[in-house]
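I have placed the structure first, in the form of structure tokens, so that the comments after it can refer back to it.
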Amino acid sequence: MSRKIDMTNSPDKKNLADNQPYKIYEFKKNNQEKISGYLVVSTAKLNVETEESNNYLSKVINQNFFNINDGQAEPSAQEMLEKIAESLQSSPEPEIIINIHGYSSTPSDTETGCKKIYEYVNTHIQQPNKYIFIGYRWPSENPIKTDESGSFGQKLMNALYSLPTLLAINLVVGLTISIWSTIVLLFLNILSNSALHFFTVLLILSGIVSSIILTLIILRISTYFRDTYRAVNYGVTDLVELIRQLDVTVKLPPNKRIKLSFISHSMGCFVVTDVIRILSDVFDVKSINKEPNSDIGNVFRLGRLVLVAPDIPVETILPGRANFLRSSLRRCEEAYIFCNEGDLALRITSTAANYFSFPARTRISGYRLGNITVKHFNNKNDKVGQTPRYGVVNFQKQDYEKDYTLDKPYNYLEIRSSSSEHRRLEEITEISENEVQPADLFTYFDCTDYKDDRSLQIGVVSSALQQPAINFGNYILLTLAFIRKSINNRDPQGVDTHTGYFQGGFSQKAIYELAFLGFQGFLKSLSIQGDEEAQIRAFSQKCHEKQIQVILAPQIYQQKTQD
């Protein structure tokens with residue numbers, strides 16, 4: 001039976017009023033919109049000394065929401081929670097879909113992304129009194145754009161100003177010695193050999209010291225590690241608190257549950273997977289027996305999990321003690337990963353940044369989950385590989401008398417960075433055939449060669465080379481295409497390798513509708529009907545036309561049977 005809690009005079013309500021961990025804004029509606037939408041913003045500050053976050057946010061997010069600059073007193077978080085609760089309580093099949101942004105997202109970026117999803121679902125899904133869409137903003141800092149921390153110049157000055165005293169002294173002394181040693185070596189030709197050697201050694205040592213400190217400054221202004229800290233300590237905890245407060249505010253009969261689903265991108269995938277881990281009850285008997293159900297808390301049930309270009313370790317789909325998400329991922333009814341071999345942000349930037357902190361012994365193990373791909377090579381010694389086969393690649397028909405099978409996804413996945421460096425998951429770690437592997441819980445959309453229109457010369461998230469691997473020369477050309485896209489978003493030769501999924505027609509439809517409708521609902525939106533085998537064949541053909549490789553999780557149809 002659901003636990004009934006009176007929030008009238010509870011400490012939780014008082015604490016929210018005094019020190020709200022988040023603010024809630026409601027999307028403005030017109031007569032066409034039937035799905036409610038909200039933006040939840042963590043009130044944590046980008047910099048611990050300042051109070052800039054909310055003031056800046058109010059200036060940016062002021063056009064699409066009810067309670068910003070409307071001349072009214074701003075509703076408290078608890079009042080907005082109660083409004084959401086009323087909608088959920090009146091719905092026969094309530095569902096909440098939460099969207100979580102990634103690294104370096106400004107408030108305007110978050111608003112634009114959430115508005116895009118909100119408009120899409122109200123245009124293409126339109127199921128009133130069922131869904132509530134929530135966009136969630138955790139405090140993230142963009143290294144270049146002006147945001148709560150100021151302009152790039154201000155961020156650079158802050159980085160220099162906050163440098164620890166010892167490092168600042170070493171930087172000043174190191175740069176001074178480097179400059180004078182260079183002047184002496186270049187312009188004084190009367191130096192003896194011993195003096196020449198002395199100033200050369202001095203230049204090298206001072207250069208090393210200065211370079212180390214300058215590298216630390218560059219790492220700081222890249223904001224990656226600062227965003228990681230914010231994601232862990234603010235993003236995760238505030239989202240958990242939001243769900244917890246909803247859990248005690250909503251009153252439902254014992255046999256009714258709210259389905260809770262997530263869309264997340266990049267570092268937002270780290271936030272959502274940690275949230276799911278916390279929400280999962282590790283002391284639940286079913287969890288201990290490795291048979292956890294989807295119910296969490298008093299009123300929620302974990303639904304669909306959509307990870308787009310996840311900036312989390314590939315370890316999360318591997319078996320073993322190090323996989324901290326294994327039991328909690330089992331609770332999700334459906335789970336999806338959108339990945340791309342050529343994702344430069346993950347392949348280069350994130351992998352390099354996490355080189356300092358992630359406890360991996362080999363380079364392969366240090367790659368990110370967003371770079372997982374469908375296997376093209378037989379083993380680690382294979383240097384030739386196979387041409388990609390598009391559609392559902394783990395669909396197997398034994399013979400005309402037997403039913404089809406969906407082979408385990410684990411057997412079809414690999415990590416690769418070139419034709420000479422690749423490993424199938426089976427080559428990275430040993431598996432037990434008697435247990436369900438974490439990798440088998442996901443459905444994978446490998447979008448490396450994805451094109452909405454095959455007549456185009458370049459892909460949506462990569463160069464779409466249709467070859468076994470992207471090699472060094474290809475990455476150089478892809479980097480140039482990425483730069484072109486960054487300069488001019490409409491450049492037909494440009495490629496957004498990290499967020500292009502939300503710009504492609506088919507991929508955008510898949511991400512949004514899988515989160516809101518699930519796999520069967522997505523198939524219906526594609527006008528795919530028939531028995532299970534016919535559905536898979538038709539879906540495979542759709543993906544083949546877009547040059548997408550798909551590995552379906554067997555539980556997608558097992559879940560349908562159970563329902």
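Worth a mention:
- Within segment 503-528, the set of residues being buried (at least 16 other Cβ atoms within 10 Å of the Cβ) and of a type in the set (D, E, K, R) comprises Glu513 only.
- Tally, over segment 77-119, of residues that are outside any helix (DSSP H, G or I), among the hydroxyl-bearing types (Ser, Thr, Tyr) and within 19 Å of Val306 (Cβ to Cβ): 2
- Candidate set: segment 186-235, residues that are surrounded by 14 or more Cβ atoms within 10 Å (Cβ to Cβ) and small (Gly, Ala, Ser); chosen: the one nearest to Ser151 (Cα to Cα): Ser222
- All of Ser455, Ser417, Ser357, Ser350 fail the test of being surrounded by fewer than 15 Cβ atoms within 10 Å (Cβ to Cβ), polar (S, T, N, Q) and closer than 29 Å to Asp491 by Cα, apart from Ser455.
- Taking each residue of segment 518-546 that is on the phi > 0 side of the Ramachandran plot and looking for partners that are hydrophobic (A, V, I, L, M, F, W, C) and outside any loop (DSSP other than H, G, I, E, B) with beta-carbon atoms closer than 9 Å, six or more apart or interchain, yields Gly518/Ile556; Ser527/Ala538; Gly530/Ala538.
- Only one entry of Asp403, Asp343, Asp399 meets the criterion of being closer than 21 Å to Asp449 by Cβ, of a type in the set (Asp, Glu) and either under 21 Å from the mean Cα position of the chain (by Cα) or at pLDDT below 95 (or both), and that entry is Asp343.
- With a requirement of 1 or more residues that are of a type in the set (Lys, Arg) and touching an Asp or Glu at 6+ places or on another chain (Cβ under 8 Å), the strands (runs of 3 or more DSSP E) lying completely within segment 410-492 that satisfy it span 413-416, 422-424.
The values are calculated or read from the model by the stated rules, or taken from the named source; none is laboratory data. Quick caveat: nothing in here was measured; it's all calculated off a predicted structure. With ideal geometry, Cβ positions are generated from the backbone for all residues, glycine too; neighbour counts draw on all protein chains shown.
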